[in-house]
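Asker: I'd like to ask some things about the structure below.
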Amino acid sequence: MYDRRQPPMRRFTLTRFSPERREDERRESPRFPVSGTVRFLRATDGAPDVIDGIIVEASLTGMRVELDQPVRKGEQLLVEVSSQLHGGFNITAQVMWVEADFDNRHIAGCEFCTILSLKQRAQLQRLAEESLCYA
């Protein structure tokens with residue numbers, strides 16, 4: 001008799017993906033390349049300040065981003081992560097470090113202030129898979 005069941009597809013999962021880690025690595029979860037846009041919302045006295053950028057890498061606990069405006073270390077911002085194909089999600093993050101590169105882009109490392117929900121993890125998973133398809 002013919003067995004119609006097919007073996008399960010191997011999927012890239014954030015929890016099982018474990019790239020080589022450096023000895024000095026302090027992160028709780030491994031980083032992975034991500035393709036998506038990010039928008040930070042900074043509360044100000046007047047209208048909110050919006051800072052646009054792209055995600056370079058992410059993990060379950062944070063992300064590294066390239067921004068078109070500077071942010072300050074220690075600042076907490078509302079973050080909107082989005083992709084044209086997979087939608088997006090919002091989360092609060094704290095800026096842990098900042099540096100400028102030679103193109104006058106501002107690179108920042110941000111730590112999520114809350115644990116990602118299952119839905120947010122799934123969306124981040126899809127962003128990571130999308131970046132692997134185009135790599």
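Quick note: the coordinates plus some simple rules give every number you see, no bench work behind them. Just so it is clear, the structure is predicted and the values come from calculations on it, not from any experiment. Glycine gets a Cβ as well: all are built from the backbone with ideal geometry, and neighbour counts include every protein chain shown.
Asker: Tell me, what is the Rg over Rh of the range 32-123, with Rh the Kirkwood radius over Cα pairs? Before the final figure, lay out the partial values.
Answerer: Details: Rg = 12.5 Å, Rh = 13.2 Å.
Here the Rg-to-Rh quotient is 0.94.
Asker: Could you sort the peptides 74-80, 117-123, 29-35 by per-residue average Cβ neighbour count (10 Å cutoff), highest mean leading? Walk me through the intermediate numbers first.
Answerer: Values: 74-80: 16.6, 117-123: 13.7, 29-35: 18.6.
So the peptides 74-80, 117-123, 29-35, ranked by packing, come out 29-35, 74-80, 117-123.
Asker: Under the Karplus relation 6.51 cos²θ - 1.76 cosθ + 1.60, θ = phi - 60°, what is the ordered set of whole-Hz ³J(HN,Hα) values for the range 57-69, x standing for Gly and Pro?
Answerer: The phi angles translate into 9, 8, 9, 6, 10, x, 7, 10, 10, 10, 10, 8, 9 Hz.
Asker: Now, a different point. Summing Lys, Arg as +1 and Asp, Glu as -1, what charge do residues with Cβ under 11 Å from the Cβ of Glu99 carry, Glu99 excluded? List each step's numbers first, then the result.
Answerer: Numbers: positive: Arg64, Lys73, Arg105; negative: Glu66, Asp101.
Overall, the nearby charge balance is +1.
Asker: Around Leu85, what is the net charge, scoring Lys/Arg as +1 and Asp/Glu as -1 over all other residues with Cβ under 12 Å from its Cβ?
Answerer: Numbers: positive: Arg126; negative: Glu129, Glu130.
Around Leu85, the surrounding residues sum to -1.
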